[in-house]
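Here's the structure, in structure tokens; my notes come after.
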Amino acid sequence: MDLLMDIAFKFPPDAPKNRKFVLGEVMKDRVGVVQLTESLKYFKKIKDAPFDVSAWEKECGVGFVMSDEEIRKVLEEIIEEHKSELGAEPHKNGMIWKFIKAKMPFAAPSDVKNVLNSLGTKEKDSTRGEIAFPRPEDNVQLDPKLLAEHLKATGGKVVTRFPPEPNGYLHIGHAKSMHLNFGYAKRNEGICYMRFDDTNPETESTEYVNAIKEAVLWMGHKWDHLTYASDYFQQLYELAVELIKRGKAYVCHLTPEEIDEYRKQHKDSPWRNRTVEENLKLFNDMKVGKFEEGKATLRMKMDMQSTVSVMWDLVAYRIKYHHHHRSGDQWCIYPSYDFTHCLNDTLENITHSLCTLEFVDRRVSYNWLVDSLGLYRSVVWEYARLELTHTILSKRKLIKLVNEKYVKGWDDPRLPTIFGLRRRGYSSEGINNFCADIRVTRHNSLIPYEKLEEFVRQDLNKTSTRAFALLNPLKVTLRGWKKGNIEVKCLNVPGNEAKGYHTIPFGETFYIEQSDFKEVDEPDFYGLAFKSETPKVVKLKYVDLDIMVVDVNKDKNGLVTDIVVEIDPKSSGKHAIHWISPEPGKELRKAEIRNYSHLFLSDEPIKTFGEKWLEDINPNSLEVREAFVDSSCFLFRPFDRIQFERVGYYCVDPDSTPEKLVFNRTVTLKESKWKKAQE
């Protein structure tokens with residue numbers, strides 16, 4: 001409305017023909033505030049004389065569009081070049097606009113201001129991952145009334161959303177998004193929506209909806225409102241009708257391939273200039289099922305000559321004769337992502353629409369649609385997506401791995417899915433601490449997988465129950481033992497009595513790890529040895545007995561089958577070893593151990609192998625072996641996380657039965673090479 005008022009009252013009165021021309025360009029959305037200001041100066045000089053349209057466009061910046069990323073780069077250059085003049089908070093220094101005008105004379109001021117505010121974001125290096133985005137009351141709107149109405153509806157609170165599409169299982173990349181959206185709202189005493197973006201009925205299901213809800217709750221997050229894009233299908237349809245009435249949408253009959261080709265050539269659809277009445281009728285025909293699938297779409301009438309591809313008349317509605325998991329067969333037309341997500345943000349009064357950097361150019365179309373309908377505009381802020389070594393996070397490629405049986409389902413412990421990580425034994429606390437540490441930035445970087453492992457290891461060290469396991473047991477007889485079978489008390493978590501304790505049996509016969517014994521002693525060996533210059537004494541952990549070898553037994557091949565030890569009351573072993581004593585009258589109890597390694601051999605499978613990325617799969621990503629575990633292990637339940645002392649961190653797998661436990665290795669005990677390199 002302000003632009004039309006300016007044309008009516010400020011346009012040179014002696015240029016009526018050219019005023020009509022400019023009015024038409026405004027209605028096409030090719031002339032904004034800056035372009036109109038320059039046009040008023042231009043036509044004040046030439047009045048109603050004929051003019052070269054291309055020269056006018058060049059001088060007044062008509063058709064000129066800068067993406068937010070382009071604006072950001074220029075702003076960063078300005079701040080760096082004039083940092084001495086602009087000070088510590090350049091985004092608050094009014095002088096910066098002088099430099100902006102010189103560098104970006106035709107950029108939309110509202111877009112520049114939003115990007116400038118986001119550059120003022122503070123990213124603090126803390127375990128809480130604190131981020132200060134622009135405040136809700138600082139969000140620039142085309143009409144101040146929109147902001148006032150929004151603040152009245154929200155009470156000025158921060159409102160975020162986590163919007164997964166229910167067409168697959170969540171992975172570690174979604175954990176970063178959850179940490180940001182739920183975490184930012186919580187730290188600012190705001191609210192966070194859990195919104196399912198369910199606009200593609202052929203790929204979505206209730207199975208995925210339930211799995212996503214379970215994953216979010218397991219990660220420790222709680223939504224304030226649970227919504228679905230499908231909740232708003234009627235409102236979205238009405239907004240599409242309104243867009244048509246405003247002359248900003250049309251029904252098109254080009255095929256998807258033809259649309260793509262026309263867009264590349266900046267060529268208008270043959271049906272772009274239909275009347276409003278005709279478009280309303282045809283859109284209703286789409287809604288009631290008069291067209292076959294693929295024979296018609298509703299497209300937004302944007303700017304086919306723009307330098308930004310997201311302005312090339314994006315599709316708003318498609319025909320899909322598929323049963324929807326919530327609305328059933330009520331609808332046969334479904335809104336596209338580009339039409340839905342920004343309007344849902346508006347309808348839910350989202351203050352901060354946070355998404356990954358691949359959507360940065362979409363901010364232009366996001367703002368265009370919201371502004372075209374005269375609605376509230378959320379702050380849009382993009383951040384770098386999570387990239388881990390030895391890992392693939394593409395949903396399409398993860399589906400291929402599952403469907404073609406390279407892995408055993410969506411919760412295979414080798415996958416980066418939330419359920420895969422949980423089954424492997426990762427704790428939600430460890431994952432969240434990792435997300436807080438890597439922070440949220442706009443710079444893409446490849447993060448070593450070992451960094452994630454280190455945060456999980458740190459958490460498990462404080463929380464996992466201890467137990468004993470032997471991979472290669474060696475039988476030991478304790479000569480002179482007179483106490484029979486006793487119960488040994490073991491702290492669940494050493495140094496933390498609040499975590500409780502458990503008991504395991506000990507008697508005259510027990511077993512140790514073969515690697516803790518050598519017949520002939522060696523330098524730097526701290527276990528038991530039969531032949532040694534000085535007696536080798538070691539301590540049995542938790543029993544508080546110091547023992548030494550006094551005899552060995554061998555088979556006919558000369559291999560040691562078992563050893564005999566005695567208590568040495570005069571010595572105190574400096575090195576403690578673990579052991580297992582069978583329950584009275586029983587044999588050692590067996591378990592299955594699954595040791596997992598990286599699913600992919602190279603750091604960057606896609607970058608290294610391209611379309612042949614499957615060739616990078618590690619053939620040895622799973623090692624299955626037998627082990628013997630102490631009796632306390634049979635009290636564990638699936639997903640319990642434990643530390644087999646001196647072996648590694650493990651998790652009870654759901655495949656376990658009362659007769660046979662299965663343990664998945666989570667991480668090793670030792671710090672990774674990555675961790676040591678940081679010290």
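The values are calculated or read from the model by the stated rules, or taken from the named source; none is laboratory data. Because the structure is a prediction, the values reported are computed rather than measured. Reconstructed Cβ throughout: ideal geometry from the backbone, glycine too, with neighbour counts over all protein chains shown.
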Identify all residues within the stretch 101-138 that are at pLDDT below 65 and in a helix (DSSP H, G or I); write none if there are none. S118
Take residues that are touching a helix residue (DSSP H, G or I) at 6+ places or on another chain (Cβ under 9 Å) and aromatic (F, W, Y) and tell me which of the strands (runs of 3 or more DSSP E) falling wholly in the stretch 473-546 contain 3 or more. none
Which of the residues spanning the stretch 463-487 are surrounded by 14 or more Cβ atoms within 10 Å (Cβ to Cβ) and farther than 30 Å from K554 by Cα? T463, S464, T465, R466
Pairs under 7 Å by beta carbon, first residue on the phi < 0 side of the Ramachandran plot in the stretch 139-158, partner part of a helix (DSSP H, G or I) and charged (D, E, K, R), six or more apart or different chains? V140/K113; L142/D371; L151/E137
Selection count, the stretch 289-310, where residues are closer than 19 Å to T340 by Cα and at pLDDT 95 or above: 7
Kindly indicate whether S621 is crowded, with 18+ Cβ neighbours inside 10 Å and more than 31 Å from the chain's Cα centre (by Cα). no
Please tell me if F639 is closer than 20 Å to T463 by Cβ, in a loop (DSSP other than H, G, I, E, B) and modelled with pLDDT of 95 or more. yes
Restrict the check to the stretch 537-544 and report whether at least one residue is acidic (D, E) and either at pLDDT 95 or above or more than 19 Å from G507 (Cα to Cα) (or both). no
When the residues of the stretch 572-617 are narrowed to those that are under 30 Å from W481 (Cβ atoms) and touching a Leu at 6+ places or on another chain (Cβ under 6 Å), which ends up modelled with the lowest pLDDT? P582
Can you find a residue in the stretch 245-254 that is over 26 Å from T346 (Cβ atoms), over 20 Å from the mean Cα position of the chain (by Cα) and modelled with pLDDT of 95 or more? yes
Report, by residue number, each residue of the stretch 34-71 that is touching a residue at least 60 places away in the same chain (Cβ under 8 Å) and part of a helix (DSSP H, G or I). V34, Q35, E38, D68, E69
Considering the stretch 394-407 alone, what residues qualify as being modelled with pLDDT of 95 or more and part of a loop (DSSP other than H, G, I, E, B)? E404, K405, Y406, V407
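Conditions tested, residue by residue: (1) in a loop (DSSP other than H, G, I, E, B); (2) outside the structural domain of V241 (by TED's automatic domain parsing).
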{"position": "R274", "(1), (2)": "yes, no"}
{"position": "K295", "(1), (2)": "yes, no"}
{"position": "L298", "(1), (2)": "no, no"}
{"position": "R318", "(1), (2)": "no, no"}
{"position": "N367", "(1), (2)": "no, yes"}
{"position": "D371", "(1), (2)": "no, yes"}
Of the residues in the stretch 139-166, those that are assigned to a helix (DSSP H, G or I) and not β-branched (V, I, T) come to P144, K145, L146, L147, A148, E149, H150, L151, K152, A153
